[in-house]
Amino acid sequence: MDRSLLLIACVLIASSIGVPDSAADILSNSLNGKSIHEFRGFYKREHSLIKPYQGAGMEIPNWDLNGGVMVTPHYVRLTPDEQSRQGAIWNRQPVHSRDWELSVSFKVSGATGDLFGDGFAIWYAQEPMQTGPVFGSKDYFRGLAVFLDTYSNHNGPHKHGHPYVSAMVADGSQHYDHDRDGTHTQLGGENTGCEAKFRNKDHDTNILIRYVGDTLSLFIDVEGKMEWKECMKVDNVHLPTGYYLGMSATTGELSDAHDIISVKMFEQEFSRVERLDEINSDRIVPHAEFQATPRDHSDDPKPSKLGFVGTVILVLIGVVVVVGVLGYGVLYFKNKNERQRKRFY
């Protein structure tokens with residue numbers, strides 16, 4: 001029995017005995033703790049990236065480079081550990097597989113202690129090679145993005161730490177709000193994702209993105225145990241075929257080196273009953289039934305117009321005023337005590 005039939009059978013059995021497990025739950029149970037070296041499906045060489053990289057100069061077969069990407073025999077560096085840099089790699093071949101699994105091995109490292117930024121993204125998007133403000137790629141994109149965010153820009157209440165892994169599905173009309181770490185448009189809701197302390201590890205970190213049967217699941221190996229641990233799972237995610245795979249990264253005032261070690265893609269076999277609107281799978285509008293509830297953007301407090309020098313002068317004036325008031329108070333109480341003593345003589 002192939003895996004798709006086995007999954008369907010598990011769903012039917014779970015339903016018959018009254019267990020409310022979703023397809024995502026069953027998939028999670030089947031992959032949690034499994035070896036990262038256990039591959040499923042048909043290997044797609046044209047969508048994969050395996051070292052050593054021996055392309056001519058700065059070229060890699062089937063992949064385009066954008067920005068300040070550096071290629072070495074053992075990794076592709078999207079950004080160096082320098083400020084205000086960005087880079088991306090995009091697969092030249094559109095993905096025609098309806099169901100697939102993507103395994104990415106990477107390293108993020110830097111020398112700035114607990115302050116680091118900004119992170120990188122893994123894309124399945126309609127328009128490749130588009131630079132922009134979303135981890136070095138385009139805003140208002142169509143498709144899927146998985147964000148590995150290393151810096152918290154969120155100034156309001158926040159229920160998770162960083163680095164943080166989350167996802168977003170967009171049809172081209174949604175804006176990724178970087179100042180809110182994308183919590184306004186997060187797939188599965190604001191808290192669907194996982195903390196993953198993958199920065200400055202001595203070993204490679206691995207992430208598995210699995211899109212099978214309209215279920216998106218993310219698994220990650222951070223501790224180097226060589227086994228998958230569930231990060232998030234969401235049912236009823238609808239993605240078209242014909243989009244492109246890519247990885248992009250950016251740095252700002254804080255920086256990290258973002259290295260892609262390998263990319264492996266596998267086409268999955270899954271028995272589908274196609275809905276009428278999905279007969280032409282390349283025309284599906286990317287969307288998900290479970291996303292963060294839309295809400296208004298609240299601007300951060302505007303910075304002072306005084307600037308650094310003006311702020312320093314204002315602080316000094318404040319200190320002088322406080323010292324003057326304290327000095328006056330001391331003299332006042334000292335004179336008062338002197339007058340009271342004279343009354344007793």
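The order of the peptides 134-143, 63-72 by mean Cβ neighbours within 10 Å, most packed first, is 134-143, 63-72. Label sites at T131 and N191, each approximated as a point 7 angstrom past Cα along Cα to Cβ, lie 4.0 nm apart.
Computed extension length for E46-S271: 78.6 nm, one decimal, from 0.36 nm per residue of separation with the Cα-Cα distance subtracted.
Taking the protein heavy atoms of the range 185-228 in the context of the full set of protein chains, the accessible area attributed to carbon and sulfur is 37 percent at 1.4 Å. The length gained by stretching the chain between L331 and N236 to full extension, at 0.36 nm per residue less their Cα-Cα distance, is 26.7 nm. Estimated from the Cβ-Cβ distance and a Förster radius of 35 angstrom, the FRET efficiency linking D139 and S109 is about 0.85. Measuring between alpha carbons in the structure, the pairs from K201/K229; K51/K138; K34/K233; K44/K201; K44/K197; K197/K233 lying more than 24 angstrom apart are K51/K138; K44/K201; K44/K197. Here each label is just a point 7 Å from Cα along the line to Cβ, and for E38 and H287 those points are 3.6 nm apart.
The values are calculated or read from the model by the stated rules, or taken from the named source; none is laboratory data. Note that the structure is a prediction, hence the values are computed from the model and not measured. We place every Cβ from the backbone using ideal geometry, glycine too, and count neighbours over all the protein chains shown. Only protein heavy atoms, including side chains, enter the accessible area calculation; ligands, DNA and RNA are left aside. Shrake-Rupley method; radii C 1.70, N 1.55, O 1.52, S 1.80 Å.
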